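Just so you know, all these numbers are worked out from the coordinates, no wet-lab data involved. Note that the structure is a prediction, hence the values are computed from the model and not measured. As a convention, Cβ positions derive from the backbone with ideal geometry for all residues, glycine included, and neighbour counts pool all protein chains shown.
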């Protein structure tokens, strides 16, 4: 069985998941909203199954609605 590689989530950073198979996610982070939205949109263009998580603030995700992110 493959071991999970954990990491600490940093405050103020944007996160999203790429679903790669049954019960398998890759978590990707970017430092700015623009970089995160650009990378996320590129994964969507490639027809990947993605989940926008938003900006981590220490105990919860804020700015977690992708539609509002691309509108601003």
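Just a few scattered comments:
- (1) 19, 17, 10; (2) 20, 17, 9; (3) 27, 15, 11, with the label sought being that of the calculated semi-axes √(5λ) of the Cα gyration tensor in Å: (2)
- Here is how the number arises for the chain: DSSP H runs of 4 or more residues each give -39500 (n - 2.57), the sum is divided by the residue count, and the result at 222 nm is -7500 deg cm²/dmol.
- Inter-label distance, nm, simple model (7 Å from Cα along the C-beta direction), residue 38/residue 7: 1.9
- When you restrict to C-alpha pairs under 8 Å that are six or more residues apart and normalise by the size of the chain, the relative contact order lands at 33 percent.
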